[in-house]
Amino acid sequence: MIQFSHVTKQFDGTAALKDLNLTIDDGEFFVLVGPSGSGKTTLLKTINRLVVPTSGTVTIDGQDVSKSHLQELRRHIGYVLQTGALFPNMTVEQNASIQLDNLGWEAQKKHERIVELMTKVNLDPAQFLHRMPSELSGGEAQRVGIVRALAARPKLVLMDEPFSALDPVSRRQLQKIVLNLHKQIDTTIVFVTHDMHEAFLLADRLAVIHNGVILQEGEPDYLMANPADEFVKRFFDVDNSNTRLLKQVITSGLGRPLTKQDNVIRLQNSQTVYEWAGLLEKNPTQLISVDGEVLDQSDLISYVADLGKESSND
């Protein structure tokens, strides 16, 4: 469990965090979301002491971070940055093994662990282990960064906008990979993003931060339905203005109940209508199932038509 108690951080007299209180439970995928400069990355960095609060305390499992041995603290925390941040003179396997080297893992055991994780992030070990960072795409480098963060089986992983520099396809692929990994491992993930859609896709719970203050926290669906104030509402609306989710289609009343006879492709309610449209482009008669409801091409046409009516009335 991570607890922030009355955490304040000032830089040159300006408060980046203001008397902030928050609890993150073991095993959660917890997302800190907010606009640029909101304080979310500053808050993340107080966990591994890259930032030291001006006042207040941060504890992990009851242990005050400020009183922990710094090297020992960071050995048990995985950290993924906005880029893979790989050492250019080391191979993929050497980069991924850095933490295991520090912990004194035996060579064969270390190799087996890296191979295991490379497979989980969809990088063929036979092709990638001996490559240099200059031979990787941005998405591939970031996957290696994720392997490195998870290699030593940390109880906690911090991810600071890890997909923000990637193209949309690579970003979506890595979001799915991280979600699947979280289901397979006993690890708490604290993830920073300014993208509300990404936050909704990934989070068990999330906190909306603005000007160093947590405006609201809770499960994504609850926050969307019950924004705490006008800023949170506007932030949701702006972020989702170009990202229409399938959950919104279902909420609008479209669809019909799924039956055993239906030949459907099942999609998550956090996926977008654009992904749905992509399926229909390949097969116009394809049915999809979302939350037990069946949607077809006519539902997409009706939904888009209703959006047009909303726009003309604004």
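The values are calculated or read from the model by the stated rules, or taken from the named source; none is laboratory data. Note that the structure is predicted; figures quoted are calculated from it, not measured. Here the Cβ positions follow ideal geometry from the backbone for every residue, glycine too, while neighbour counts run over all protein chains shown.
In segment 215-237, the residues that are farther than 17 Å from LYS247 by Cα reach residues that are among the hydrophobic types (A, V, I, L, M, F, W, C) and surrounded by fewer than 16 Cβ atoms within 10 Å (Cβ to Cβ) with C-beta atoms within less than 9 angstrom, at least six apart or across chains, in these pairs: LEU215/ALA228; GLN216/ALA228. Annotation: VAL147 fulfils all but one of (1) touching a helix residue (DSSP H, G or I) at 6+ places or on another chain (Cβ under 9 Å); (2) modelled with pLDDT under 90; (3) assigned to a helix (DSSP H, G or I); the unmet one is (2).
Scanning segment 1-22 for residues that are among the aromatic types (Phe, Trp, Tyr) and closer than 11 Å to THR54 by Cα yields a single hit, PHE11.
All conditions in (1) more than 20 Å from GLN3 (Cα to Cα); (2) buried (at least 19 other Cβ atoms within 10 Å of the Cβ); (3) out of contact with any Gly (no Cβ under 9 Å at 6 or more places or on another chain) hold for ILE24, with the sole exception of (1). Each residue in segment 134-144 was checked for being free of Cβ contacts under 8 Å to residues at least 60 places away in the same chain and assigned to a helix (DSSP H, G or I), and 7 of them qualify. Per the listing PHE200, PHE191, the residue uniquely in contact with a strand residue (DSSP E or B) (Cβ under 8 Å, 6 or more places away or on another chain) and in a helix (DSSP H, G or I) is PHE200. Among residues of segment 261-290 that are more than 21 Å from HIS197 (Cα to Cα), those with a beta-carbon under 9 Å from a residue that is modelled with pLDDT of 90 or more and of a type in the set (Ser, Thr, Tyr) at least six positions away or on a different chain give the pairs ASP262/SER289; VAL264/SER289; ILE265/SER289. Checking each residue in segment 150-168 for being under 23 Å from PRO220 (Cα atoms), among the hydrophobic types (A, V, I, L, M, F, W, C) and either out of contact with any Lys or Arg (no Cβ under 9 Å at 6 or more places or on another chain) or in a loop (DSSP other than H, G, I, E, B) (or both) picks out LEU156, VAL157, MET159, PHE163.
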